[in-house]
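The values are calculated or read from the model by the stated rules, or taken from the named source; none is laboratory data. Just so it is clear, the structure is predicted and the values come from calculations on it, not from any experiment. Cβ sites come from the backbone with ideal geometry, for glycine too, and all protein chains shown count toward neighbours.
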Ligand SMILES: Cc1cc2nc3c(=O)[nH]c(=O)nc-3n(C[C@H](O)[C@H](O)[C@H](O)COP(=O)(O)O)c2cc1C
């Protein structure tokens with residue numbers, strides 16, 4: 001399959017998981033593209049509402065994974081605005097990735113629901129989701145589990 005990993009990541013956590021996912025999917029024989037959603041100017045918390053610099057296209061993929069951190073229980077502004085401007089995703093197989101700091105019901109679950117709603121409103125079929133709680137012990141194991149969960153969807 002041709003799979004696009006479209007990622008917003010400010011401090012690098014979500015990107016790190018996406019790189020591991022890219023390697024796993026490529027090892028399974030998929031054609032994988034890893035692309036960033038970025039704002040113009042210097043990336044920082046203060047500039048997250050700046051105009052988007054990169055709007056990765058979803059054209060040509062059989063499936064897409066959207067990945068993002070959690071921001072106060074909401075989708076960070078760059079990823080929210082990126083999803084809003086997307087064309088119809090009719091029939092597109094979509095999976096979701098979040099990274100977060102607190103327990104899942106302190107923001108991550110709300111973001112997964114919001115991402116699912118945004119993608120389904122465009123006609124996408126959500127095939128699964130995985131998250132990585134960055135805090136606490138066993139981060140490497142949590143990353144591996146999330147990557148394997150997503151990899152098995154395709
Ligand atoms: C302003 C702000 C708000 C956050 N809100 C939440 C939250 O509601 N729930 C949560 O679990 N983590 C929250 N986090 C933690 C980030 O989601 C987490 O560190 C994430 O892995 C960062 O991903 P990135 O390095 O890809 O940007 C917040 C972080 C910041 C800076």
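Of these, 68, 74, which one is touching a strand residue (DSSP E or B) at 6+ places or on another chain (Cβ under 7 Å), within 16 Å of the ligand (Cβ to nearest atom), within 19 Å of residue 121 (Cβ to Cβ) and at pLDDT 95 or above?
68
Which one is farthest from the ligand (Cβ to nearest atom), of the residues in region 6-17 that are touching a helix residue (DSSP H, G or I) at 6+ places or on another chain (Cβ under 9 Å) and within 20 Å of residue 74 (Cα to Cα)? Full working, then the answer.
Restricting attention to region 6-17, the residues satisfying the condition of being touching a helix residue (DSSP H, G or I) at 6+ places or on another chain (Cβ under 9 Å) are 6-10, 16-17.
Checking the rest, the ones that are also within 20 Å of residue 74 (Cα to Cα) come to 6-10, 17.
On the way: 6: 13, 7: 8, 8: 7, 9: 3, 10: 4, 17: 8 Å.
Filtering first and then ranking leaves 6.
Within region 32-91, track down each residue that is buried (at least 16 other Cβ atoms within 10 Å of the Cβ) and more than 27 Å from residue 148 (Cα to Cα).
Within region 32-91, 39, 43, 48, 50, 52, 77, 81, 86 meet the criteria.
Could you tell me whether any residue of region 111-120 is in a helix (DSSP H, G or I), in contact (Cβ under 8 Å) with a residue 12 or more places away in the chain and either over 15 Å from the mean Cα position of the chain (by Cα) or within 11 Å of the ligand (Cβ to nearest atom) (or both)?
From region 111-120, those in a helix (DSSP H, G or I) are 111-120; that's our starting set.
Among the residues that remain, those that are also in contact (Cβ under 8 Å) with a residue 12 or more places away in the chain are: 111-112, 114-116, 118-119.
Those still in the list that are either over 15 Å from the mean Cα position of the chain (by Cα) or within 11 Å of the ligand (Cβ to nearest atom) (or both) too: 111.
Yes, because at least one residue in region 111-120 is in a helix (DSSP H, G or I), in contact (Cβ under 8 Å) with a residue 12 or more places away in the chain and either over 15 Å from the mean Cα position of the chain (by Cα) or within 11 Å of the ligand (Cβ to nearest atom) (or both).
Looking at (1) out of contact with any strand residue (DSSP E or B) (no Cβ under 7 Å at 6 or more places or on another chain); (2) within 10 Å of the ligand (Cβ to nearest atom); (3) closer than 17 Å to residue 150 by Cβ, find the lone condition where residue 105 falls short.
Status for residue 105: all satisfied but (3).
I need a count of the residues in region 92-102 that are under 22 Å from residue 144 (Cβ atoms) and part of a loop (DSSP other than H, G, I, E, B).
2
I want to confirm something. Restricting to region 130-149 and keeping residues that are in a helix (DSSP H, G or I) and touching a strand residue (DSSP E or B) at 6+ places or on another chain (Cβ under 7 Å), which single residue is surrounded by the fewest Cβ atoms within 10 Å (Cβ to Cβ)?
Step by step, filter region 130-149, then rank; the result is 149.
Residues that are closer than 14 Å to residue 97 by Cβ: list the strands (runs of 3 or more DSSP E) wholly contained in region 1-86 that include at least 3 such residues. Give the derivation first.
On the way: elements: 2-7, 31-36, 52-54, 63-69.
Here the list reads 2-7, 31-36, 63-69.
Is region 21-44 home to any residue that is within 16 Å of the ligand (Cβ to nearest atom) and closer than 17 Å to residue 127 by Cβ?
Among the residues of region 21-44, at least one is within 16 Å of the ligand (Cβ to nearest atom) and closer than 17 Å to residue 127 by Cβ, which makes the answer yes.
Please verify whether region 95-102 includes one or more residues that are closer than 23 Å to residue 60 by Cα, without any contact (Cβ under 8 Å) to a residue 40 or more places away in the chain, away from the ligand (no atom under 16 Å from the Cβ) and buried (at least 19 other Cβ atoms within 10 Å of the Cβ).
No, region 95-102 contains no residue that is closer than 23 Å to residue 60 by Cα, without any contact (Cβ under 8 Å) to a residue 40 or more places away in the chain, away from the ligand (no atom under 16 Å from the Cβ) and buried (at least 19 other Cβ atoms within 10 Å of the Cβ).
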